[in-house]
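Only one structure is covered here, and it is reproduced in the block below.
The values are calculated or read from the model by the stated rules, or taken from the named source; none is laboratory data. The shown structure was predicted, so the numbers you read here are calculated from the model rather than taken from an experiment. Cβ placement follows ideal geometry from the backbone for every residue including glycine, while neighbour counts extend to all protein chains displayed.
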Amino acid sequence: MRLLPRQEKFFAFFLSQARIITEASLLLSEGVRAGDGKLSESVPKIKQLEQQGDEIIHEVFTKLNQTFITPIDPEDIHGLASYMDDVLDCIEDAAHRITAYRVDPIPTAVVELCDIIQACAKTLSRAFESLEKNGRVIDHCIEINRLEETADQVYRRAVSDLFLNEQNPIHLMKLKEVYDILEDTADRCEDVADALQNVVVKNS
């Protein structure tokens, strides 16, 4: 079963967006591993990717308005596009906050969360590639659900440690915001996976 036929533009849009998300998440992950200086160099690149993603989403919505018969329900196309846009926005926001707040040294938990986000992004790309090949898309969706649960555990531990050990209230607020946006990014990845899984179930 091909949910998004090759001749339809929607599949190409989604796959392009997934690859942009993967590239942005890699820049974020590599940046936090190398430190604030390296991440600062990556922020403009991540912003540029976010703008490319916005253009793709605009193309999706434009084509959706111009297409009478779509390969899947229009609301599903709209949902997938919106959720993927949210992921990219969150990645860009996370990179901006870490550098704007001068988070240095970057805590291990931030690195862990960014690595999880990168893993989610790579799995999203594999999910859309699997969709093209009529593979087991749901397996990738389940993996993203597992990764999001891991992100929740890292987030809760990090916030608990932060309130237990951080004496500087300004530093505490900065890190709490960073942890919040990173955890939210993982949640947005799960939203994409859940929407994609719903599409597969509805059309199987």
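Would you tally the residues in the range 131-161 being part of a helix (DSSP H, G or I), more than 17 Å from the chain's Cα centre (by Cα) and surrounded by fewer than 18 Cβ atoms within 10 Å (Cβ to Cβ)? The number of residues fulfilling the criteria is 9. Residue selection: residue 147 fails the criterion of being touching a Cys at 6+ places or on another chain (Cβ under 7 Å) and within 19 Å of residue 99 (Cα to Cα). Going by what's in this entry, would residue 126 be described as in a helix (DSSP H, G or I) and in contact with a His (Cβ under 8 Å, 6 or more places away or on another chain)? Judged against the criteria, residue 126 is a match.
Among the candidates 87, 103, the residue that is part of a loop (DSSP other than H, G, I, E, B), of a type outside the set (Gly, Ala, Ser) and modelled with pLDDT of 90 or more is uniquely 103.
On the stretch given as the range 162-171, residues that are in contact with a helix residue (DSSP H, G or I) (Cβ under 6 Å, 6 or more places away or on another chain) and assigned to a helix (DSSP H, G or I) total 1. Farther than 23 Å from residue 197 by Cβ, in contact (Cβ under 8 Å) with a residue 40 or more places away in the chain and out of contact with any Phe, Trp or Tyr (no Cβ under 7 Å at 6 or more places or on another chain): does that describe residue 111? Here the answer is yes, as residue 111 does meet what is asked. Got at least one residue in the range 126-143 being among the charged types (D, E, K, R) and under 20 Å from residue 32 (Cβ atoms)? Scanning the range 126-143 turns up no residue that is among the charged types (D, E, K, R) and under 20 Å from residue 32 (Cβ atoms). Cβ separations smaller than 7 Å between residues 6+ apart or across chains give the following pairs from the range 179-204 residues that are crowded, with 18+ Cβ neighbours inside 10 Å to residues that are in a helix (DSSP H, G or I) and of a type in the set (Ser, Thr, Tyr): 179/155; 183/155; 188/83; 191/83; 192/83; 195/83. Screening residue 158 on (1) closer than 16 Å to residue 101 by Cα; (2) in contact with a Pro (Cβ under 9 Å, 6 or more places away or on another chain) shows it passes everything except condition (1).
Take the conditions out of contact with any Cys (no Cβ under 9 Å at 6 or more places or on another chain) and on the phi > 0 side of the Ramachandran plot and apply them to residue 165. Does it pass? No; evaluated as a whole, the condition is false for this residue. Considering only residues in the range 110-130 that are in contact with a Lys or Arg (Cβ under 7 Å, 6 or more places away or on another chain) and within 29 Å of residue 158 (Cα to Cα), the one that is surrounded by the most Cβ atoms within 10 Å (Cβ to Cβ) turns out to be 125. Please indicate, with yes or no, whether at least one residue in the range 40-57 is modelled with pLDDT under 85 and surrounded by 16 or more Cβ atoms within 10 Å (Cβ to Cβ). No. Only one of (1) farther than 25 Å from residue 20 by Cβ; (2) touching a residue at least 40 places away in the same chain (Cβ under 8 Å) is not met by residue 120, so which one is it? Result: residue 120 passes all but (1).
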